[in-house]
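Worksheet for the structure shown next.
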Amino acid sequence: MNTGNLNNYLTVAREAALQAGIILKEHFGQICPSMINEKATNDYVTVVDRKSEDIIKEYIKSHFQNHDIIAEESPEERHSSPFLWIIDPLDGTMNYIHGLPSFAVSIALVIEGSLAMGLIYEPLRENIYSAIRGHGSFKNDRRIHVSSSETLSTALIATGFPFRIKSVIDSYLRVFKDLFMRATGIRRGGSACLDLAYTAEGIFGGFFECALSPWDIAAGALLVEEAGGVVTDFEGKNQYLKTGNIIAGTKGVQREMLKIIQATFRN
């Protein structure tokens, strides 16, 4: 891949995210019931999600009119392009609605089926996490790496609850218990893309969740890989964008988590 072009794509993603972040910051703490719709049980969208998404899509299309786009709050825009932008305009909507300051914008670019660029913007803290395939991961232009922890016994783990498919809750809780007994601790932040960014940064030694959407994890998965970590689905393969099931972390921690999850979800 042409690094110069990838830098151009990253610049566009950064500017789009910064513009969307202005809207997110302006409305934070001011969400009223009339601004909220329930897409599915316990899955909400606000007018701010949609405004943020419109800003990002319009900015990208102003530079790359024929690129494909999939975004959380609107239909897919396909033109049979080898370029696919994957956008989450507000990851952590439930946090945002309730005034919990943990949410982000996530933008990724897939080129010919391969994750090539990812960016996560945390508006309230003004943190920008970014990665280009083969060129490392960065936080505010400073190189970041995954944790030095290579065992669960020394790692802090992040997860998210499977609210979209509560039928797997029993299996999930068995995994949660096993990890809870082995890891230093477990946290649930409510934003998968930030959990992955923090894993890339070395705060978390690992992260797992199931039934996520591509926009939840695309940018964050590349961040973890480029920071020296490992990302797979629950089968140990790289189909996490299709399955929505993801395990990410340092090589040792991810390996232990994968073993525990496979033992539970295959039974």
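The values are calculated or read from the model by the stated rules, or taken from the named source; none is laboratory data. As the structure is a computational prediction, the values presented were derived from the model and not from experiment. For neighbour counting, all protein chains shown are included, and Cβ atoms are generated from backbone atoms with ideal geometry for every residue, glycine included. The area values use the complete protein model at the heavy-atom level, side chains included, leaving out ligands, DNA and RNA. Shrake-Rupley method; radii C 1.70, N 1.55, O 1.52, S 1.80 Å.
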Go through the residues of segment 46-63 one by one and say whether even a single one is open to solvent by 60 Å² or more (accessible area, probe 1.4 Å) and modelled with pLDDT under 85. no
For segment 136-251, which helices (runs of 4 or more DSSP H) that fit wholly inside it have 3 or more residues that are free of Cβ contacts under 8 Å to residues at least 60 places away in the same chain, of a type in the set (Asp, Glu) and over 26 Å from residue 86 (Cα atoms)? none
Candidates 114, 137, 153, filtered to the one that is open to solvent by 10 Å² or more (accessible area, probe 1.4 Å), of a type outside the set (A, V, I, L, M, F, W, C) and closer than 27 Å to residue 184 by Cα: 153
Can you find, within segment 156-169, the residue that is surrounded by the fewest Cβ atoms within 10 Å (Cβ to Cβ) among those that are of a type outside the set (Val, Ile, Thr) and more than 15 Å from residue 185 (Cβ to Cβ)? 167
Mind telling me which of the residues 101, 33 ends up being exposed (fewer than 14 other Cβ atoms within 10 Å of the Cβ), touching a Leu at 6+ places or on another chain (Cβ under 6 Å) and not acidic (Asp, Glu)? 101
Given the criteria modelled with pLDDT of 95 or more, open to solvent by 80 Å² or more (accessible area, probe 1.4 Å) and within 24 Å of residue 189 (Cβ to Cβ), does residue 22 qualify? yes
Heads up, the strands (runs of 3 or more DSSP E) in segment 12-85 (entirely inside) with at least 3 residues that are touching a residue at least 12 places away in the same chain (Cβ under 8 Å) and on the phi < 0 side of the Ramachandran plot are 43-46, 68-71
Within segment 117-133, can you find the residues that are acidic (Asp, Glu) and either open to solvent by 30 Å² or more (accessible area, probe 1.4 Å) or modelled with pLDDT under 95 (or both)? 126
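Kindly check whether there is at least one residue in segment 50-71 that is among the aromatic types (Phe, Trp, Tyr) and over 19 Å from residue 133 (Cβ atoms).
Filtering segment 50-71 down to residues among the aromatic types (Phe, Trp, Tyr) leaves 59, 64.
Next, from what is left, pick out any that are over 19 Å from residue 133 (Cβ atoms): 59.
Checked segment 50-71: at least one residue is among the aromatic types (Phe, Trp, Tyr) and over 19 Å from residue 133 (Cβ atoms).
Rundown of residues vs (1) open to solvent by 10 Å² or more (accessible area, probe 1.4 Å); (2) among the small types (Gly, Ala, Ser); (3) within 9 Å of the chain's Cα centre (by Cα), yes/no style:
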residue	(1), (2), (3)
194	no, no, yes
197	no, yes, yes
215	yes, no, yes
220	no, yes, yes
The condition from (1) over 16 Å from residue 22 (Cα atoms); (2) outside any loop (DSSP other than H, G, I, E, B) that residue 100 misses is numbered (2)
So residue 183 fits all but one of (1) more than 19 Å from the chain's Cα centre (by Cα); (2) open to solvent by 20 Å² or more (accessible area, probe 1.4 Å); (3) not aromatic (Phe, Trp, Tyr); what number is the exception? (2)
